[in-house]
1. Tell me, what is the per residue accessible area of the chain in Å², probe radius 1.4 Å?
2. Suppose the chain between LYS357 and TYR14 were pulled fully straight at 0.36 nm per residue; how much longer would it get relative to their current alpha carbon spacing?
3. If you take the beta carbon distance between ASP309 and SER211 as r and set R0 to 35 Å, what does 1/(1 + (r/R0)^6) give as a FRET efficiency, to the nearest 0.05?
4. Take every DSSP beta bridge with both residues inside the range 178-322 and express the antiparallel ones as a percent of the total, to the nearest 5.
5. Rg and Dmax of the range 180-258, Cα atoms, in Å?
6. When only C-alpha pairs under 8 Å and at least 6 residues apart count, what is the relative contact order of the range 226-365, in percent?
7. Above 17 angstrom, tally the Cα pairs of the range 262-330 and express them as a % of all pairs, no decimals.
8. What list of whole percents do you get for P(r) of the range 1-80, with Cα-Cα distances grouped in 5 Å bins up to the one holding the largest distance?
Amino acid sequence: MSLVRKNIIDITPYVAGKPIEETKRELGLKNVIKMASNENPLGASPKAVSAIKKALSQVNRYPDSNSFYLKRRLAAKYNLKASNFLLGNGSDEIIDVIIKTFVEDDENIITADTTFLEYKIIARVNNRKVITVPLKYFKYDLEAIKKKIDKKTKLIFIANPNNPTGTYVTRHEIFDFVKGLPENVIVVLDEAYETFIDVDDFPKSISHIGSDNVIIMKTFSKVYGLAGLRVGYAIAVPELISDMEKVRQPFNVNMLAQAGALATLDDKKFIKKTRKVVLEGKNYFYQELKKLGIAYVPSVANFVLIDVDKDTVWFFNQMLKDGVIVRDMKQYGLNSFIRVTIGTKKENQRFIKVFKKVLKQERAR
């Protein structure tokens, strides 16, 4: 007799990028680089590291449950109020809080079929129905999503830019999509990779706060380099935030995370340097992949989806043997693709070198 809830039985857990230390231990390697989880290749902001060190002496105390100073700083950044912000233990917790707060047992959630896996996984853990819509040219098909809305639809998750494709929907497309939606439908714009954008027509999503049922999610895990501390935030009208605060666990954002996030917001030099490294590295990838005749999806994020035209798990394992961790896309249903995070110049060059080697091995099979 199974003791687990019925809706949990068939859930496939999220598979995280393989850790460096685990790879070294399993394969007996000394030099391993990780280009799988879209982390900042430069590490964390020096200002954040300094602030974290100063906060260490206080870790015997509980953190500020309301993240007062971080909320105040975010409010100043976006010209909003502290009541417009909810802090979370990464975007994953915020997704869970949103679903628990707003989606009734008999209501449904809509998202793309190939997008951040946690939307579907967390929804199913909460026993909520998920309707998925195929991408169109590797991009969210907002028109098709709108056609799927019914009387039971409560949430729509849109990753913009999308993970794992790196594509985005434009300002005009989001405006048209939000316009005319039923009053009971909430649109969640997940902008985890927005800080890498280098296009002019990306949505100014903050303009929707106050006029539409929109929740924006952002994170300190990517450009800010604080993935290991797990801190993200939601932006919405105070009424929605207040409802979510009832569901959020107290002390969910630890003291070190708050200190690091607060400090890194002021490190403009670090952010500028990170963007430069990513944009230059991405252009290098494009040039090298074109030389090899390898197809890829142009990305506005800090990663590139590459079509290796081979079994993605085999390709991943071959790269791993040479100490290069990439992300196989089998769990996303993209069985001939790998996703590669832009690294430092040295890491990018090593990736291309190993990538060429694996291509040669495959052709010799």
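The values are calculated or read from the model by the stated rules, or taken from the named source; none is laboratory data. All of these numbers come straight from a predicted model, not from anything done at the bench. Virtual Cβ from ideal backbone geometry, glycine too; neighbours counted across all protein chains shown. Ligands, DNA and RNA are excluded from the accessible area calculation, which covers all protein heavy atoms including side chains. Shrake-Rupley method; radii C 1.70, N 1.55, O 1.52, S 1.80 Å.
1. That works out to 48 Å² per residue.
2. Length gained between LYS357 and TYR14: 120.5 nm.
3. 0.15
4. Percent antiparallel among DSSP bridges in the range 178-322 is about 60.
5. 14.3, 42
6. Numbers: 130 pairs, mean separation 26.0, N = 140.
Answer for the range 226-365 is 19 percent.
7. Details: 1336 of 2346 pairs.
So the pairs more than 17 Å apart make up 57 percent of the total in the range 262-330.
8. 3, 9, 9, 11, 12, 14, 16, 13, 10, 3, 1, 0
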